[in-house]
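For reference, the structure is listed below as structure tokens.
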Amino acid sequence: MSLLSLKYAVIAALAIAALSVMACTKEVVKTVEVPGETVVKEVPVEVIKEVVVTKEGETKVVEVEVVKEVVVTKEGKTKIVEVEKPVIVEKTVEVSVPVAANLPAASKPKGKLTVAVPLVPPLVQLQSLDARGTVGGFGIDWNIFEGIVRSQWAPPPTVPSQDTYVPEIASSWEIAGDQTSITFAVREGIPWHNTHGEFGNVTAEDVVWTFNDSFKEGSTGNPGEQLPPGHKVGWEVVGDKARMNVKDGGFDPLWGMLHGGIGWGATYGITSKVAYDTLGEDKFLIHAVGTGPYVVESWDGHDQMTANTSAGHWRITPRVETLQVIEMPEQGVREAAMRTGEVEVAQMPGKALPNLVADTGGKVITLGKPSPNTIYWSGNYWGETCPNCANTDVQANLETDWYGAYEGIQKGYAWVGDPNDSVSMENARLVRWALSMAIDRDKIVSTVLGGFGQTAYVATNITPDRPEFKPEWRVAYDVDKAKQNLIDAGYPDGFDITLWSACNLPAIWDCEIADAIGEMWIDNLGLNVTVDHADYAVRRPESVDKTMNTPWLHGIGWLPGQSLASFYCAHPGHLGGVTLPDDICEVGLRNDVESDMDQRIANNVTMTDYMSHWQTQSVIATVGNYFIYSPKIVEWRPYITGYFNSPETIVLSD
């Protein structure tokens with residue numbers, strides 16, 4: 001029976017508490033001299049969390065070497081046993097990344113790996129149009145495309161280094177002494193996939209074209225929007241090398257994380273200018289031409305993607321011959337496919353795992369930094385200037401360029417404040433605080449998330465366990481105070497409100513949280529609530545053209561020192577429906593060039609103070625991104641990036 005026609009009805013009835021057991025870790029470092037290029041390559045032991053069911057009827061949390069096991073009983077009893085044991089993690093540091101010819105001969109690729117995910121987006125191979133990150137996100141993760149650099153591998157849930165990079169398409173690079181450019185040597189002899197024609201090898205022209213296209217005027221692509229302004233000056237070909245020009249004083253020390261490939265999330269995959277010129281834009285958009293160890297056979301959006309190994313790949317020979325990723329939006333269908341053995345990997349919410357693990361003997365791994373599910377109070381565009389916009393004066397051009405704010409003010413949306421009217425600003429602040437206080441975060445974590453999550457309060461991902469977290473950032477569940485806030489703001493009888501939350505991206509947000517919030521606003525405050533579950537692609541254009549003024553549930557797993565200005569400060573591209581005043585953005589923009597991590601975090605604390613006081617975003621809870629995989633998978637070295645990734649490292653049992 002085809003996986004695409006599975007209609008099994010499955011209910012997950014058992015939830016287990018999230019448990020953490022710390023192990024003492026000792027590192028042994030060996031240095032091996034190998035002729036060739038100068039590079040650091042880490043080969044650490046993988047950390048895998050296991051969920052196992054015992055016959056004795058007890059739940060134990062154990063850690064064996066670097067393996068975490070969670071044992072769940074059919075009776076639902078829970079017993080926690082913490083075991084601390086020194087673990088030796090061996091890292092081999094080589095002074096080379098050898099090409100395929102220098103690697104030990106791998107066994108011939110064989111078998112098929114099938115993966116079930118909620119979403120297989122249509123391929124949009126042109127960077128300037130790739131709003132969903134299908135090249136630098138999904139395509140990189142599935143090892144179809146490659147980046148100029150990649151991150152050092154670290155076992156999930158460890159976040160890879162943000163400032164140490166491993167060469168990939170680029171064999172080396174040189175940063176100018178005045179930090180106004182980075183020049184990349186493009187590795188020779190890397191062929192483009194030839195399924196759709198002969199396009200030769202990767203050149204500096206391909207690299208330069210890929211990046212320049214991503215931030216050209218009118219671009220709506222995801223990668224370019226993440227770059228700081230100093231890195232959008234433009235790329236150029238210099239001899240046989242590719243040069244990234246950087247604005248004087250605008251050098252970002254985390255440049256590799258922003259421009260690189262696998263390891264950090266949806267960034268950049270290098271694409272072929274020759275293929276674009278040969279095929280034409282329409283064909284190029286939908287026909288994958290990459291350089292990775294997997295070559296696309298078919299990529300059908302909202303259906304499936306199938307790829308086969310690339311013979312004699314320059315970097316690695318995968319052990320699995322065929323990769324198929326199938327879109328299964330319904331959780332029950334993914335569960336049924338795991339139970340019947342029709343897929344080897346499936347993305348699952350945490351609350352579904354205990355029964356599924358018990359039935360399949362599978363193991364569980366968390367990919368991606370937990371996403372703080374956040375309501376963005378759209379329509380509050382408070383920035384005074386937009387330096388890179390055609391019209392730089394934001395407030396003077398609300399009606400033409402920032403219509404979401406203009407409409408929200410004109411129609412009197414309760415959550416939208418007029419920055420030119422202090423009374424309006426304060427009333428809207430009281431409303432946003434009221435709606436935030438009317439949400440029972442603990443109940444959402446325990447019921448909607450089944451205990452697999454934590455309450456959260458600030459959109460900068462400075463979680464309550466971090467030393468920078470301030471008590472005043474917490475939002476108490478206080479219905480009486482929330483009601484009084486609405487009275488004080490002039491809304492004793494409530495108002496109409498729509499909350500948007502897409503359901504096809506559970507790795508980022510859980511749309512059931514939005515449903516629960518809507519019910520709480522109705523029950524606690526008497527609001528007339530509509531919850532809109534339109535797909536992300538349907539409403540995302542509103543965040544680019546600035547017509548958005550509908551509150552929406554979103555989530556980004558920010559790193560504590562990461563630059564936040566690209567999402568919260570005025571610029572021409574994708575925003576969350578909110579922009580902060582210029583003086584606050586000036587602090588946030590310092591992280592585009594700040595090299596000291598402590599100062600970067602301090603800058604984010606300043607932004608968080610402002611965002612919390614004005615409740616520009618209301619954060620609810622963190623959502624983990626869980627994958628269950630079959631016992632047939634005996635080896636897998638994924639990155640923490642939030643989607644299924646690194647099939648090139650998977651080994652199936654015979």
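The values are calculated or read from the model by the stated rules, or taken from the named source; none is laboratory data. Predicted model only: the values in this text are computed from it and were never measured. Each accessible area value is taken on the protein alone, full model and side chains, heavy atoms only, with ligands, DNA and RNA left out. Shrake-Rupley method; radii C 1.70, N 1.55, O 1.52, S 1.80 Å.
Normalised by residue count, the range 269-320 yields a Cα convex hull volume of 99 Å³ per residue. In terms of its C-alpha gyration tensor, the range 373-415 comes out oblate, because a/c is 1.5 or above while a/b does not outweigh b/c. Between the alpha-carbon centers of the range 299-373 and the range 521-552, tell me the distance in whole angstrom. Using only Cα atoms to place each centre, the spacing works out to 30 Å.
Heavy-atom accessible surface of Ile522, to the nearest 10 Å², is about 80 Å², with a 1.4 Å probe and all protein chains retained.
Just list whichever of Lys273/Lys363; Lys351/Lys546; Lys369/Lys483; Lys369/Lys470; Lys351/Lys632 have alpha carbons separated by over 32 Å in the model shown. It would help to have the intermediate numbers written out before the result.
On the way: Lys273/Lys363 42 Å; Lys351/Lys546 36 Å; Lys369/Lys483 35 Å; Lys369/Lys470 21 Å; Lys351/Lys632 23 Å.
In this structure, Lys273/Lys363; Lys351/Lys546; Lys369/Lys483 lie more than 32 Å apart at Cα.
Based on Cα contacts under 8 Å between residues 6+ apart, the range 483-620 shows a relative contact order of 20 percent. The calculated pair-distance distribution of the range 537-654 uses every alpha carbon pair, bins of 10 angstrom beginning at 0, and gives 11, 31, 28, 17, 10, 1, 0 percent.
Cα convex hull, the range 384-442: 100 Å³ per residue, rounded to a whole number.
Taking Rh as the Kirkwood radius computed over C-alpha pairs, what is the Stokes-Einstein D of the range 341-401 at 4 °C in a medium of viscosity 1.567 mPa s, expressed in µm² per second? Spell out each step's value before the answer.
Values: Rh = 16.6 Å.
Answer from the Stokes-Einstein relation: 78 µm²/s.
Available extension along the chain between Ile522 and Glu468 is 16.0 nm, counting 0.36 nm per residue and deducting the alpha carbon span. Scaling against 2.2 N^0.38 Å puts the C-alpha radius of gyration of the range 451-555 at 1.21. Centroid-to-centroid, using Cα positions, the range 438-504 and the range 217-243 are 38 Å apart. Enclosing the Cα atoms of the range 256-393 in their convex hull gives a volume equal to 221 cubic angstrom per residue.
Could you list the square roots of 5 times each eigenvalue of the Cα gyration tensor of the range 205-275, that is, the equivalent ellipsoid semi-axes, sorted largest first and rounded to whole Å? Walk me through the numbers on the way to the answer.
Numbers: eigenvalues 58, 48, 32 Å².
Largest first, the range 205-275 gives 17, 15, 13 Å.
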